[in-house]
Amino acid sequence: MVEKSLMNFSDGNSEPGDRALSISDLSRPGPKVYISNDNGKTSGMATMIGELLEANIDSFATRRVVASLLKGGVVLKASDRAQIITIEFDGKSITVRDGQNPDYPTLEGGWLTFAAVASGRKSPLHAIRAREISLKSPKFKMGDSIAAGGVGFVMSVPKSFYETVNWSKRIIYLSIALVAASLVGYAFYSLRRNKMHHKA
Amino acid sequence: MRESYDVIIIGAGHNGLTLGAYLARSGLEVLVLERRHEEGGGLTTEELTRPGFLHNVHANYHTFVDLAPPVKDLEIREHGVKYVRPEVQMASIYPDKTALVVYSDIDKTCDSISRFSAKDAATFRKLFNEAHGYVDLLLGTLMFEPPMSVKELTKALSVFGVGNRSEFLSVKLRRETINQFLDEHFESPKVKAHLAFHGAVCGYANDIVGLAIGFPLLVGKINNWHLSIGGSHRLAHALWRDLANHGGVLVTDAEVASVVVDGNRVSGVRLADGTEITARKLVASTVSVEQTFLEFLDRDKVSNDLVSNELFEKIETEIKHQSWSLFSVHLALSKLPHYLAGEFEPDVDKAWVVNLGYSSPEELNDDWKLIRNNQLADPKPNVAINSLYDPTDAPEGSYTGLLRQFAPYSIGSLGPGAWVEEARHYGEKCIESWRAFAPDMDAEAIIDWTTYSPHDIATKLPNMVKGDWMMGEISLANMLDQRPLPELGNYRTPIEGLYMAGSTQHPHGFITFAPAYNALSVIAQDIGLDQWWKKV
């Protein structure tokens, strides 16, 4: 063994934050996502949205449950990129394909807005309320709005996915909630005791 | 050498030395153990042909200079490494004696491409500008960070809005081959052949599904190839100097026989001569997964709860290696080659690297099929004349040359040992194929030459299993957190304090420094090290 010595040479995670939100008893398998390539080609938008749906269903129990409740379809139209995809769901599977099915409601907005929703930087409801995404329905049905909202939810990543869990903040919030609950409980108990006292 | 250190690193390749230097700079007592007589691993420069002719036996192209954080953090240049970025980086010469040239100047490159297709020149410029613009982002998210999963990558690309801003970058690339990417964007078979060959030289075979996802990054640094003046080994020496300057110790001729485990935790290593050395904090292996788990660990003594039999079996059977290797001919030359294609493009004679013969990606596809079937393809080597840009690597008035040919590890059913008989003959064929493009490379011009086969690679550096110079297949299934196996994909192992920090890990081989740099992040997190280095 030779220890090489300087003397011989005189020259000198990213643990994603809120994955803990996944609730184990909601861990039943969610719908399977299929990205259709009917024409032998798949657009970047279909691939990206399909993979986001797949990843979210895998990672987040709440989105998995909502996805399994959805029935019907929604069209996503990126108005500034001439890209249109249709997402269909039947509880067991979700199919993403290029093109528009005219029977389904259409969520239309800028590509950046969809990217912001998909990445968790913007809530889908906020985007609709701010008219950055519009909902157009062939015939207005309450179910269409629910379906569109549901797809927006399943497609979106919680903001907290990109943040470190702030446990100190959580402990403060939890303490405030516990104190508030205790106060409400105490007030309720006092009211009941007063009533009982008056009855007696 | 003392009896105990904070950190023991197995293997003094560029990853082992890089990790050692960072940890030594962090105030830890570091010991790096090397089986061979010198540090460097793939950073080997030897006088293979004649005295005074310096040949880079393995790593020749340094493409991450100025991009990889260790170059600055470890003051590589201050330790004496000098890089040159050749003005004429690479050329492809086609059988009809036309030639395409890539310069360090992208305008000149586009002019050269436009001689084959004006549309492709415009597309290349757009692709380069986009990819180059995203290089920092891609380096930060894909190279110099512990790996994310492909699904997380999808989200990250969305967060950065890459898909929205780019005509070329998209998550759908994970379903495409480089060939498909090239067909989608380019029209000239010769331009496509050049780009496909460039990918292959970087380890990315053009016919493997999923590798299109890494291709834009390769294009983004297509003009960033650097040559280490005086040989690639200078970098290894500089890394060692940094290690030593900060109190780290390198011991050569020290073959590790076993990694010692005490309960759930690694406690040190035992050398082949029986010497035991204690590791107070950690052991990091930069050699192969097979060596680390199947040779260094005593399977009978490691609890099944710690490393399951299933994991041992997966390591035995499921580690993926490149299905092709490299055959090299190292030459001592009395004159520089003059190519017939010089009439079409005089700058080919100044090109550091010249690719010979492929005029379409399909021809490359055909050769992959042969090579994966353990057959030797008709040679179409790439030729590097380092002396064009490094006059110190050969005696005055003489030059070094390197022919590299894609080749199988085993030949037919004869196995890798058949290279001992075949190497000289195949070397002659490589030289003949070169001579067809540069007739002046006759017997008088070639003072001496020797071969270096896939079998030689595996024999000299056993961590390059089956001549796998990338230390693991380059494929989507063996990328990011799946490399080398999902269970070992984040530099940690099931044994507390035992880390994997070599090119078996994300991202891959080549002189990237990235496996060590990323393992460092994980180690820093685990042992609570103050991070003095600036993140990408």
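The values are calculated or read from the model by the stated rules, or taken from the named source; none is laboratory data. The model shown is predicted, which means the values in this text are computed figures rather than measured ones. So basically every Cβ, Gly included, is an ideal-geometry build from the backbone, and we count neighbours across all protein chains shown. Surface areas here come from the heavy atoms of the whole protein model, side chains and all, with no ligands, DNA or RNA. Shrake-Rupley method; radii C 1.70, N 1.55, O 1.52, S 1.80 Å.
This model, with +1 at the C-beta of Lys and Arg and -1 at the C-beta of Asp and Glu, gives the stretch B:1-77 a dipole about its Cα centre of some 120 debye. In terms of distances greater than 23 angstrom between alpha carbons, the cross-link table entries B:LYS72/B:LYS281; B:LYS190/B:LYS320; B:LYS126/B:LYS380; B:LYS82/B:LYS380; B:LYS190/B:LYS369 yield B:LYS72/B:LYS281; B:LYS190/B:LYS320; B:LYS126/B:LYS380; B:LYS82/B:LYS380.
A 1.4 Å probe run over the stretch B:168-311, with the rest of the protein chains in place, finds 32 Å² accessible per residue. Using C-alpha pairs under 8 Å with a sequence gap of at least 6, the mean separation divided by the residue count of the stretch B:377-451 gives a relative contact order of 29 percent. For n ≥ 4 DSSP H runs only, could you compute -39500 (n - 2.57) per run for chain B, divide by its residues and tell me the 222 nm figure to the nearest 500? Calculated mean residue ellipticity at 222 nm is -9000 deg cm²/dmol.
Here r is the Cβ-Cβ distance between A:LYS92 and B:ARG372 and R0 is 60 Å; the resulting FRET efficiency, rounded to 0.05, is 0.95. With respect to chain B, whose longest principal axis is taken over its alpha-carbon atoms, helix B:150-159 is tilted by about 70°.
Against chain B, whose longest principal axis comes from its Cα atoms, helix B:14-25 is set at around 50 degrees. In whole angstrom, how far apart do the alpha carbon centroids of the stretch B:280-343 and the stretch B:507-536 sit? About 20 Å separates the Cα centre of the stretch B:280-343 from the one of the stretch B:507-536. At a Förster radius of 41 Å, what calculated FRET efficiency corresponds to the Cβ-Cβ distance of B:PHE312 and B:ASP183, to the nearest 0.05? So, using R0 = 41 Å, E works out to roughly 0.45. Put simply, chains B and A cover up around 2800 Å² of each other's accessible surface, both sides summed, when a 1.4 Å probe is used. Direction-averaged projected area, Cα convex hull, the protein assembly as shown: 40.0 nm², rounded to one decimal.
Taken one residue at a time, the phi angles of the stretch B:262-278 give Karplus couplings (6.51, -1.76, 1.60, θ = phi - 60°) of 10, x, 8, 10, 6, 10, x, 9, 10, 8, 4, 7, x, 4, 10, 10, 8 Hz. Gly and Pro are set to x.
State to the nearest 20 debye the size of the charge dipole of chain B about its Cα centre, where the only charges are +1 on K and R beta carbons and -1 on D and E beta carbons.
Details: 49 positive and 71 negative charges, 214 e Å.
So the dipole magnitude of chain B works out to roughly 1020 debye.
If you sort the three axes of the alpha carbon gyration tensor as a ≥ b ≥ c, you get a/c of 1.5 or more for the stretch B:30-153 and a/b no higher than b/c, which makes it oblate. Taking the dipole about the Cα centre of the protein assembly as shown, with the C-beta of Lys and Arg at +1 and of Asp and Glu at -1, give me whichever of B:ASN264, B:LEU239, B:GLY42 is farthest to the positive side. Of the listed residues, the answer is B:ASN264.
Potential lengthening of the chain between B:GLU295 and B:ARG265 amounts to 9.0 nm, from the contour at 0.36 nm per residue minus the alpha-carbon distance. Of the beta bridges in chain B, as assigned by DSSP with both residues counted there, near 65 percent are antiparallel.
For the pair the stretch B:451-467 and the stretch A:70-87, the centres of their Cα atoms are 53 angstrom apart. Dipole size of the protein assembly as shown about its Cα centre, with +1 on Lys/Arg Cβ and -1 on Asp/Glu Cβ: approximately 4380 debye, rounded to the nearest 20.
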